[in-house]
Amino acid sequence: MQLVCPAGNLPALQAAVDAGADAVYAGFRDQTNARAFPGLNFSDAELRAGIRYAHAKGARVYLALNTYPDSARLALWHAAVDKAAELGADAIIAAEMAVLDYAARTHPSLPRHLSVQGSATTEPALRYAFERFGIARAVLPRVLSIQQVERLCERSPVAIEVFAFGSLCIMVEGRCQLSSYVTGASPNRHGVCSPAKFVRWDEFDDGSRTARLNEVLIDRFQPAEPAGYPTVCKGRFEVGGEVFHALEEPTSLNTLELLPRLAQAGVAAVKIEGRQRGLAYVRGVARTWRAAIDSLRPDAAAWQPRPEWQQSLSAHAEGHQTTLGPYHRAWH
Ligand code: SF4
């Protein structure tokens, strides 16, 4: 089982590889990937250096080209596919059919992974992407239960990658409209939800802070209360006279306890979310998952995550809380 880690920049790529990532995923410094934050991502020279570094240590580099271009800007995505091939990336991760189609025709030997943004949750959807675009792998959306993942692994014509740790998206990926509703820009087309230019923080005399997105109040934090980056899905809103996290609590997915089941189901790769996170996160989370994967044995039933691994992952989690998210549904 491969460990796939986030690389928001060259130091993060090197830290992930050094901490034991089998592969890292990265993006160009434009809107062709779903983490188009200012100051993040790679220039051509940085990516060339990153690929050289990873390959020298036996790791792979996957290029996320997983946003949805409109027809006027498709040439930018095509150029990104060409560049990924030229720089020697080991695969591209794409969602839009026009991008996958171009890659399959123009660079047939460059492996194609279906992005989580492609939202393929059924065997026919995976089969279509395999037959039409020759995908080698699909990253499943973070909306499936563990039973659904197991069933898909049995029937999938391609290798399956699942998210193992990191921030959650409560919407079926590639279809979230929350950010575009408030700002006119979305992760799907513009590569980021809550683009920084729309975010406004205000601090008050009593130490409390508010976060606004395009002037819409998203959250209010008490003095010393930890505050995360404001996204609509994790804001606190007044509903029925009560103010609470009406859509989603700020918490991180952590599937460590499911690792034996994922391995047994034949999941080919586990992915760590977080290209926007810092070096300490990448290093710490990658190290923990490396140790956990390496400790798996054929008698996986007897395997338990070590308490110190869970503590370390909780320390890197949003709001220091973790959840199994949709993997576990009590009613299933
Ligand atoms: S607003 Fe929330 S649910 Fe929507 S894409 Fe962003 S993180 Fe995901």
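The values are calculated or read from the model by the stated rules, or taken from the named source; none is laboratory data. These numbers were taken from a predicted model, which means no experiment stands behind them. Here the Cβ positions follow ideal geometry from the backbone for every residue, glycine too, while neighbour counts run over all protein chains shown.
Key figures
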item	result
Residue in the stretch 305-332 that is surrounded by the most Cβ atoms within 10 Å (Cβ to Cβ), counting only those that are in a loop (DSSP other than H, G, I, E, B) and touching a residue at least 24 places away in the same chain (Cβ under 8 Å)	316
Looking only at the stretch 122-177, and only at residues there that are hydroxyl-bearing (Ser, Thr, Tyr) and more than 16 Å from the ligand (Cβ to nearest atom), the one that is surrounded by the most Cβ atoms within 10 Å (Cβ to Cβ)	156
Where a residue in the stretch 118-138 is more than 10 Å from residue 159 (Cα to Cα) and its partner, wherever it lies, is among the acidic types (Asp, Glu) and surrounded by fewer than 23 Cβ atoms within 10 Å (Cβ to Cβ), with Cβ under 8 Å and at least six apart	132/101; 133/101
Strands (runs of 3 or more DSSP E) enclosed by the stretch 64-170 - at least 2 residues per element that are modelled with pLDDT of 95 or more and out of contact with any His (no Cβ under 9 Å at 6 or more places or on another chain)	112-114, 159-167
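Residue-wise test of (1) away from the ligand (no atom under 16 Å from the Cβ); (2) over 26 Å from residue 33 (Cβ atoms).
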residue	(1), (2)
185	no, no
191	no, no
198	no, no
219	no, yes
237	no, yes
246	no, yes
280	yes, no
291	yes, yes
